[in-house]
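A.B. asks: One structure, as structure tokens, below. Some questions next.
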Amino acid sequence: MVNWTEMDQQVKAWIMEAGAFIRESFQHSLSIQTKSNPNDLVTNIDEETERFFISNIRKTYPSHFILGEEGQGDELSSLDGIVWIIDPIDGTMNFIHQQRHFAISIGIYEDGVGRLGYIYDVTHDELYYAKRGSGAFMNDVQLPALSEVTLEKSLIAVNATWLVKNAYFDEKRLVSLATTVRGVRSYGSAALELAYVASGRLDSYLTMRLSPWDFAAGKILVEEVGGNVTALSGKELDMMKTTSVFAGAPGLHKRILTDFLLEK
Ligand code: 2AM
Ligand code: CA
């Protein structure tokens, strides 16, 4: 039997330790490399933070599996068993350029079901977390269930460049959505944007392409406060692949899906 409460305490302690290490790194120069393209960045701190979590998990929970952005985890083809899905720094470009608006993101799944989710805003020392069935919190304050909001009064987040052009979706539909809602924001960290949906700072978040480690924790948080997290098609997310992601308060999610996203 898994003791989720004990695991929750352990994960929080590791996150705080990693957060202090990342804040300390602001004093030193970074080693920056590119991955799939010149704007897809990784630093020595992303890699060292992932290594920190993985070595602790392997020692403490040897039967668990790990999916990590920087590739030091396991090669998995399913979410069978207990799987830790880790992004040591989500929003690496913000980390490098701004030293803010980035997060540690950890989702823990059991046979594909999200059990524990953590998003730690390192600079602001804000830990968003959820334990399935026990509520979602920001630091020690419980997040209320999401309330209904109309499209016209909603504040949403979309990657700004995708409103101009993207390879995945007709941008006219996104522009039409952006000009109907009250406001549009673009923070550059999927994990934080999902944490903001869970905490009501945003009403919806839409994005074309994320990997499981970008949204694994956020999905648990948003669902725990009654929100919906799907692909832009409205279908369930594929946790093993890159996918579009669309999160929102329940009524708003449905309205955006029918009025703007689905082919008419
Ligand atoms: P990252 O910083 O961990 O790479 C930026 O809009 C958001 O999208 C961030 O959460 C970023 O995560 C993620 N992201 C950036 N490039 C990506 C890519 N090529 N595939 C999937 N997600 C990406
Ligand atoms: Ca990352």
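A.B. asks: Could you say whether any residue in region 76-90 is within 16 Å of ligand 2 (Cβ to nearest atom), open to solvent by 40 Å² or more (accessible area, probe 1.4 Å) and not in a strand (DSSP E or B)? Explain how you work it out, then say what you get.
C.D. replies: At the first step, the residues of region 76-90 found to be within 16 Å of ligand 2 (Cβ to nearest atom) are 84-90.
Within this subset, residues satisfying the condition of being open to solvent by 40 Å² or more (accessible area, probe 1.4 Å) are none.
No - not one qualifying residue is present in region 76-90.
A.B. asks: All but one of (1) open to solvent by 50 Å² or more (accessible area, probe 1.4 Å); (2) within 14 Å of ligand 2 (Cβ to nearest atom); (3) not hydroxyl-bearing (Ser, Thr, Tyr) hold for residue 37, so report the exception by its number.
C.D. replies: Among (1) open to solvent by 50 Å² or more (accessible area, probe 1.4 Å); (2) within 14 Å of ligand 2 (Cβ to nearest atom); (3) not hydroxyl-bearing (Ser, Thr, Tyr), the lone unmet condition for residue 37 is (2).
A.B. asks: Against the definition (open to solvent by less than 10 Å² (accessible area, probe 1.4 Å) and either closer than 29 Å to residue 99 by Cβ or more than 14 Å from ligand 1 (Cβ to nearest atom) (or both)), how does residue 247 come out, yes or no?
C.D. replies: Working: open to solvent by less than 10 Å² (accessible area, probe 1.4 Å): yes; either closer than 29 Å to residue 99 by Cβ or more than 14 Å from ligand 1 (Cβ to nearest atom) (or both): yes.
So residue 247 fits the description; yes.
A.B. asks: Is there a residue in region 10-30 that is under 20 Å from the mean Cα position of the chain (by Cα), surrounded by 15 or more Cβ atoms within 10 Å (Cβ to Cβ), modelled with pLDDT under 95 and not basic (Lys, Arg)?
C.D. replies: no
A.B. asks: Can you tell me which residues in region 55-75 are away from ligand 2 (no atom under 16 Å from the Cβ) and assigned to a strand (DSSP E or B)? Step through it out loud before you land on a result.
C.D. replies: Within region 55-75, the first condition is being away from ligand 2 (no atom under 16 Å from the Cβ), and the residues that meet it are 55-65, 74-75.
Of everything in region 55-75, just one residue is away from ligand 2 (no atom under 16 Å from the Cβ) and assigned to a strand (DSSP E or B), namely 65.
A.B. asks: Please go through region 136-159 and pick out each residue that is surrounded by 13 or more Cβ atoms within 10 Å (Cβ to Cβ), free of Cβ contacts under 8 Å to residues at least 60 places away in the same chain and more than 15 Å from residue 198 (Cβ to Cβ).
C.D. replies: Correct list: 158, 159.
A.B. asks: May I pose another question? Residue 126: within 14 Å of ligand 2 (Cβ to nearest atom) and charged (D, E, K, R), yes or no?
C.D. replies: Working: within 14 Å of ligand 2 (Cβ to nearest atom): no; charged (D, E, K, R): yes.
No.
A.B. asks: Please state which of the following conditions residue 96 fails to meet, knowing it meets all the rest: (1) open to solvent by less than 20 Å² (accessible area, probe 1.4 Å); (2) assigned to a helix (DSSP H, G or I); (3) within 12 Å of ligand 1 (Cβ to nearest atom).
C.D. replies: (1)
A.B. asks: So in region 207-241, with the set limited to residues that are more than 13 Å from ligand 1 (Cβ to nearest atom) and surrounded by fewer than 18 Cβ atoms within 10 Å (Cβ to Cβ), which one is nearest to residue 92 (Cα to Cα)? Outline the logic, then answer.
C.D. replies: Within region 207-241, the first condition is being more than 13 Å from ligand 1 (Cβ to nearest atom), and the residues that meet it are 219-240.
Next, only the ones that are surrounded by fewer than 18 Cβ atoms within 10 Å (Cβ to Cβ) stay: 226, 231, 233-236, 238, 240.
Details: 226: 29, 231: 23, 233: 27, 234: 28, 235: 28, 236: 27, 238: 23, 240: 21 Å.
So the residue we want is 240.
A.B. asks: May I pose another question? Report, by residue number, each residue of region 22-49 that is of a type in the set (Val, Ile, Thr) and either in a helix (DSSP H, G or I) or free of Cβ contacts under 8 Å to residues at least 40 places away in the same chain (or both). Outline the logic, then answer.
C.D. replies: Kept after step one, since they are of a type in the set (Val, Ile, Thr), are these residues of region 22-49: 22, 32, 34, 42-43, 45, 49.
Answer for region 22-49, where residues must be of a type in the set (Val, Ile, Thr) and either in a helix (DSSP H, G or I) or free of Cβ contacts under 8 Å to residues at least 40 places away in the same chain (or both): 22, 34, 45, 49.
A.B. asks: Can residue 133 be described as buried (at least 16 other Cβ atoms within 10 Å of the Cβ) and modelled with pLDDT of 95 or more? Please lay out each step first, then the result.
C.D. replies: Working: buried (at least 16 other Cβ atoms within 10 Å of the Cβ): no; modelled with pLDDT of 95 or more: yes.
Criteria not met by residue 133.
A.B. asks: Tell me yes or no: at least one residue of region 65-75 is away from ligand 1 (no atom under 16 Å from the Cβ) and in contact (Cβ under 8 Å) with a residue 40 or more places away in the chain.
C.D. replies: no
Every residue, every condition in (1) within 16 Å of ligand 1 (Cβ to nearest atom); (2) outside the structural domain of residue 112 (by TED's automatic domain parsing); (3) farther than 30 Å from residue 133 by Cβ; (4) among the basic types (Lys, Arg), yes or no:
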| residue | (1), (2), (3), (4) |
| --- | --- |
| 23 | no, no, yes, yes |
| 42 | yes, no, yes, no |
| 49 | yes, no, no, no |
| 59 | no, no, no, yes |
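The values are calculated or read from the model by the stated rules, or taken from the named source; none is laboratory data. What you see is a predicted model; the values in this text were computed from it and never measured. Because the Cβ atoms are built from the backbone with ideal geometry, glycine has one as well, and the counts that use them run over all protein chains shown. When the accessible area is computed, the model is the full protein with side chains, heavy atoms only, and any ligands, DNA or RNA have been set aside. Shrake-Rupley method; radii C 1.70, N 1.55, O 1.52, S 1.80 Å.
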